[in-house]
2 protein chains.
Amino acid sequence: MTDMGRLSVALVHHPCVNKEGRIVTTSVTTLDVHDFARLCRTYAVADLFIVTPLPAQRRLVERLSAHWLTGFGAACNPSRKEALTGVKVIDSIEAIYDNYRFLGRKEPKLAVTSAQKGDGVTGYDEGRALLAASPETLLLFGTGFGLADEVMERADIRLAPIEGIDGFNHLSVRCAAAIILDRLRGAR
Amino acid sequence: MTDMGRLSVALVHHPCVNKEGRIVTTSVTTLDVHDFARLCRTYAVADLFIVTPLPAQRRLVERLSAHWLTGFGAACNPSRKEALTGVKVIDSIEAIYDNYRFLGRKEPKLAVTSAQKGDGVTGYDEGRALLAASPETLLLFGTGFGLADEVMERADIRLAPIEGIDGFNHLSVRCAAAIILDRLRGAR
């Protein structure tokens, strides 16, 4: 781990776009919380932020986490407990930056992912080198039909979409995140 | 795709083992069907078999697929329709072999995955080369606490577990499959 920068991940439910390109708040998929927590722990991600402005959705994630951190699940499955320990539920991307400032951390380099092609996207060999060289990076994954333009435009690094063999481009965010973290941080 | 062998994937719900190592039939997780279908289409997997001996579980998967293949979902999301077209619901691993024989296909090389370490596991560079050289491969993913020994012992190729940075080993089958297919078939 000494040759890696510190990486945090956020799974973003607002601001995202829907099929028509309008800004929406997507619902939390509870399985995403598990899958992302396990994935982030596997690749030594420092913090996993679940971002939603909806208080009821934040309570849902907190209740789910509590079951595995202190409830029956903690004794039943210690690995799940260990994974969910890194989860932080938060109301906005801006609040993540506040969290970095509050803790006296450096402002992170902002990396975003998108299933859309775009000019100037960064490939994974280059992305891997950029993350290794950056002391602090925040990597955002959008839900619904992706992150809103206002977020994409703030990014320092925009990673290329995962395209597979013949251009079919419709992975779940869980599977896309797994592939992306493995390409950026997996054993080589 | 000309430099790749034909690959099929099966998500196996029986025979699997539970936490105590006993043979069980696990429940289908409906989201797995979507995630695996999208993932398999991305990496040009020929067939995705969902294996369960329970008729009610097979009907569940067929009903779910029908919504996206011919129901409202087909018009709403053509990419999802395209992904789910490759899904075959089947009652046993043996029935997959019957399917190959019925269609006059070569007997596939059998590849298995496991989160457990074991002697003689195959790394991903070697696995990639083996799959490229094999005209027909069937890759099995177990659920619950993994595939039963009787299945593991039949395998021609046993792929190494995905271990990440420091040995934490508790990915979801969805995320593990995404990483494995990308390592075996992803763009290099």
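Quick note: the coordinates plus some simple rules give every number you see, no bench work behind them. Quantities reported herein were computed from a predicted structural model and do not represent experimental measurements. All Cβ positions, even for glycine, are placed from backbone atoms using ideal geometry, and neighbour counts span all protein chains on display.
Here are the numbers for this structure:
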read-out: 20 Å binning of all Cα-Cα separations within the protein assembly as shown, expressed as whole percents from 0 upward; value: 28, 60, 12, 0
read-out: Residue-count net charge about A:Thr122 - beta-carbon cut-off 14 Å; Lys, Arg +1, Asp, Glu -1; value: +1
read-out: Kirkwood hydrodynamic radius (C-alpha pairs) into Stokes-Einstein, region B:1-79, 20 °C and 1.002 mPa s, D in µm²/s; value: 151 µm²/s
read-out: Electrostatic dipole magnitude of the protein assembly as shown [Cβ: Lys, Arg +1; Asp, Glu -1; Cα centre; debye, to 20]; value: 480 debye
read-out: Inter-copy label distances at A:Asp149 (7 Å, Cα→Cβ; nm, one decimal); value: 6.1
read-out: Convex hull per residue volume in Å³, alpha carbons only, for chain B; value: 129 Å³
read-out: Label distances, nm, B:Ala56 versus same residue in remaining copies, Cβ-directed 7 Å point; value: 3.0
read-out: Mean separation of Cα contacts under 8 Å, 6 or more apart, over the residue count of chain B: relative contact order %; value: 30 percent
read-out: Nm distances between copies for A:Leu103, ranked from closest, using label points 7 Å along Cα→Cβ; value: 4.9
read-out: Cα-based Rg of region B:94-160 normalised by 2.2 N^0.38 Å, two decimals; value: 1.15
read-out: Residue pairs, from the table A:Lys81/A:Lys117; B:Lys88/B:Lys109; A:Lys19/A:Lys81; A:Lys19/B:Lys106; A:Lys109/B:Lys117; A:Lys81/B:Lys81, whose Cα atoms sit over 31 Å apart; value: A:Lys81/A:Lys117; A:Lys19/A:Lys81; A:Lys19/B:Lys106; A:Lys109/B:Lys117; A:Lys81/B:Lys81
read-out: Gain in span if fully extended, B:Ala132 to B:Ala46, counting 0.36 nm per residue against the direct Cα distance; value: 29.6 nm
read-out: Distance between region A:2-67 and region B:47-74 - C-alpha centres, whole angstrom; value: 28 Å
read-out: Pairwise label distance in nanometres, B:Arg154 with A:Tyr100, each label 7 Å out on the Cα-Cβ vector; value: 5.2 nm
read-out: Projected label distance in nm at A:Ala187 and A:Thr30, using a 7 Å step from Cα toward the beta-carbon; value: 3.4 nm
read-out: Chain B residue with Cβ closest to the axis mapping B onto A, distance in whole Å; value: B:Ala178, 2
read-out: Relative counts (whole %) of C-alpha pair distances in region A:135-188, using bins that are 5 Å wide; value: 4, 14, 26, 26, 20, 7, 2, 0
read-out: Pairwise label distance in nanometres, A:Glu163 with A:Ile23, each label 7 Å out on the Cα-Cβ vector; value: 3.1 nm
